[in-house]
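Taking it in order: structure first as structure tokens, then the write-up.
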Amino acid sequence: MRDPLLLTPGPLTTSLATKTAMLHDWGSWDKDFNHLTAQVRQKLVELIDGQGTHTCVPLQGSGTFAVEAAIGTLMPRGGKLLCLVNGAYGKRIAQLTEVMGRRVTVKDFGESKAVDAEAVAVCLAQDDEITHVAVVYCETSTGILNPMEAISAAVAAAGKKLIIDAMSAFGALSISTAKLTFDAVIASSNKCLEGVPGMGFVLANIQSLEQAKGNSHSLSLDLHDQWQYMERTGQWRYTPPTHVLAALASALHQYDQEGGQAARLARYTENCQQLISGINGLGLRSFLAPEIQAPIIVTVHAPVHPNWQFNEFYQLTKDEGVVLYPGKLTDAETFRVGCIGAIGKAEIAMAIDAMARAFKQMGIETAAL
Ligand SMILES: *Cc1c(COP(=O)(O)O)cnc(C)c1O
């Protein structure tokens, strides 16, 4: 039987080829494995047109580890971060910065609006102690798309450094050094690249990374040290996620075969449109305005009905082979459905059918519209 479809913010449904790539054991010192690491690093730099200006520093752990490592390494201890927030992942960046004892100021745009680049320019003009700005490309807690080019231009015009959490965007939404100026872009193996979870990576400006020696508050999250060690030995510091890397190498190969970023964006955009029209057909509506909806994950208003209960809905759809995700909003009752992963038309249709049957079983026939 097929594994349940993971229509979530990650980990996601992966292809059989990606799963099969994990059937071997690799020694961490082995030259074949080191070669694979080098290949993956180089490929990830090419994806942002960063050859010569940026380097890829992979890091063991989930995506948040890489975000914490990037902030802790690239921002000097006396630096100050302006954190642009429109959801839970933006808040998390502010929180991890505070926990590591660095100065942080938050500009909050609420949960249903994109970050406004003009407001960012105003914040930067008002506080000249700010050295770095952090922003989430696609705020996965709702699915909001933030206007990266305008934000990057505002930050560059103020002479500040930009750190982009592109976790749920990388591979699907465009990220190129030709259009964006940034110190670092952070992503992970298990989102739009369709690998398995276990490693993050930071695509860092080489000059900024060179100047970052000694900034880190942490040994294992020190990206400068991880980078230097990898450049010197070809190996990872500490045990590498060997199977995860092998799966990512395969996933990147499949990515190219599919047609790269444009093809992936096109597939996810179709998934997203099919999902939203299917949901509308069930009498439900999505939370975000269409112009700020990224084709990554859709937040849906839960039915307004006394029988509504996410846990029951979750179980009923899971029994049909579809795994959905709870909402993450503070003041609206919602659930989320992902558009990303190794899925297409047939899988989205299956998800809509599963939702329709679940509502019926729950005795929910009325529309939320
Ligand atoms: C998934 C994600 C992360 C990282 O989450 P982990 O659970 O640590 O992998 C960070 N930021 C965004 C925007 C994400 O979508």
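Binning at 20 angstrom from zero up to the longest distance, how are the C-alpha pair distances of the chain distributed in percent?
The calculated distribution, bin by bin, is 30, 56, 14, 0.
Springs between alpha-carbon atoms under 10 Å, Gaussian network over the chain: tell me which of Q95, Q309, Q226 tops the mean-square fluctuations.
Of Q95, Q309, Q226, the most mobile in the Gaussian network model is Q309.
Sum -39500 (n - 2.57) across every DSSP H segment of at least 4 residues in the chain, then divide by the residue count to get the 222 nm mean residue ellipticity, nearest 500.
The helix-only estimate for the chain comes to -12500 deg cm²/dmol at 222 nm.
Using packing as a proxy for protection, rank 214-224, 22-32 so that the peptide with the highest average count of other Cβ atoms within 10 Å comes first. Don't skip to the end; give the middle numbers.
Details: 214-224: 17.7, 22-32: 11.9.
Going from most to least packed, we get 214-224, 22-32.
Please figure out what share of the DSSP beta bridges in region 79-179 is antiparallel and state it in percent, rounded to the nearest 5.
10
Under 5 Å between amide H atoms, partner at least 5 residues away or on a different chain: which partners does A134 have, H built in plane at 1.01 Å?
Hits under the 5 Å cutoff: L82, C83, L84, I163.
Compute, for D319, the solvent-accessible surface of its heavy atoms (probe 1.4 Å) with the complete set of protein chains present, and express it in square angstrom to the nearest 10.
Taking all protein chains as shown, D319 has close to 110 Å².
Before anything else, pin down the relative contact order of region 17-256: Cα pairs under 8 Å, at least 6 apart, normalised by residue count, whole percent.
30
So how much slack lies between N307 and S174, counting 0.36 nm per residue of separation and subtracting their Cα-Cα distance, in nm? Numbers along the way, then the final one.
On the way: separation 133, 0.36 × 133 = 47.88 nm, distance 4.15 nm.
Separation in residues times 0.36 nm, less the Cα-Cα distance, equals 43.7 nm.
Tell me the net charge near D225. Cut-off is 10 Å between Cβ atoms, D225 excluded, with +1 for each Lys or Arg and -1 for each Asp or Glu. Each step should come with its number before you reach the end.
On the way: positive: K213, R237; negative: D222.
Value of the local net charge: +1.
Mind checking which of N311, N280, N86 has the largest fluctuation in a GNM of the chain, springs on alpha carbons under 10 Å?
N311
Among residues other than K161 whose Cβ falls under 13 Å from its Cβ, what is the net charge (Lys/Arg +1, Asp/Glu -1)? Walk me through the numbers before you get to the answer.
Values: positive: K80, K160; negative: D183.
Within the 13 Å Cβ shell, the charges total +1.
Tell me, which longest segment in the chain has none of the GluC sites (Glu not before Pro) that fall in DSSP loops with at most 12 further Cβ atoms within 10 Å? List each step's numbers first, then the result.
Working: sites that count: E129, E365.
It runs 130-364.
What distance in nm separates the simple spin-label points at A332 and A266, each placed 7 Å from Cα in the Cβ direction?
Here the answer is 3.2 nm between the modelled labels.
Roughly how many whole Å is it from the C-alpha centroid of region 164-211 to that of region 323-358?
With region 164-211 and region 323-358 each reduced to a Cα centre, they are spaced 26 Å.
Mind checking the log10 I(q)/I(0) for region 62-104 at q = 0.21, 0.26, 0.29, 0.32 Å⁻¹? Debye, one equal scatterer per Cα, no solvent, two decimals.
-0.61, -0.92, -1.11, -1.27
Mean-square fluctuation check for the chain, GNM, Cα pairs under 10 Å: which of H132, H35, H301 is largest?
Checking each option, the largest mean-square fluctuation is seen for H35.
Between 0 and 90 degrees, rounded to the nearest ten: what's the tilt of helix 63-74 against the longest Cα principal axis of the chain?
Taking Cα atoms only, the helix is inclined about 30 degrees.
Looking only at Cβ-Cβ distances, which cysteines of the chain have no other cysteine closer than 4.7 Å?
Result for the chain is C56, C83, C123, C138, C192, no neighbouring Cys Cβ within the cutoff.
Could you give the accessible area per residue of the chain, probe 1.4 Å, as a whole number in Å²?
Numbers: 15240 Å² over 369 residues.
On a per-residue basis, the chain sits at 41 Å².
How big is D, in µm² s⁻¹, for region 244-314 by Stokes-Einstein at 37 °C and 0.692 mPa s if Rh is the Kirkwood radius over C-alpha pairs?
Working: Rh = 14.7 Å.
Here the translational diffusion coefficient equals 224 µm²/s.
Counting only DSSP beta bridges with both residues in the chain, tell me the antiparallel percent, nearest 5. Numbers along the way, then the final one.
Working: 23 of 43 bridges.
Restricted to the chain, the bridges split so that about 55 percent are antiparallel.
If the reach is capped at under 16 angstrom between alpha carbons, list the lysines near K160, excluding any in the same chain fewer than eight residues apart.
List returned: K80, K107.
If amide hydrogens are placed 1.01 Å from N in the peptide plane, which non-local residues have theirs closer than 5 Å to the one on H54?
Placed amide hydrogens put I206 under 5 Å from H54.
For D256, D127, write out the residues from largest to smallest accessible area, computed with a 1.4 angstrom probe and no ligands counted.
Details: D256 80, D127 35 Å².
Largest accessible area first, the list is D256, D127.
Based on DSSP, what percent of beta bridges with both residues in region 1-151 are antiparallel, to the nearest 5? Walk me through the numbers before you get to the answer.
Details: 2 of 11 bridges.
Here the share of antiparallel DSSP bridges comes out near 20 percent.
When the Cα centres of region 234-286 and region 103-135 are compared, how far apart do they sit, in Å?
Here the two parts' Cα centres lie 29 Å apart.
The values are calculated or read from the model by the stated rules, or taken from the named source; none is laboratory data. This structure is a prediction, so every number in the text was calculated from the model and none was measured. Note: ideal-geometry Cβ built from the backbone for every residue, glycine included; neighbour counts use all protein chains shown. For accessibility, only protein heavy atoms count, side chains too; no ligands or nucleic acids. Shrake-Rupley method; radii C 1.70, N 1.55, O 1.52, S 1.80 Å.
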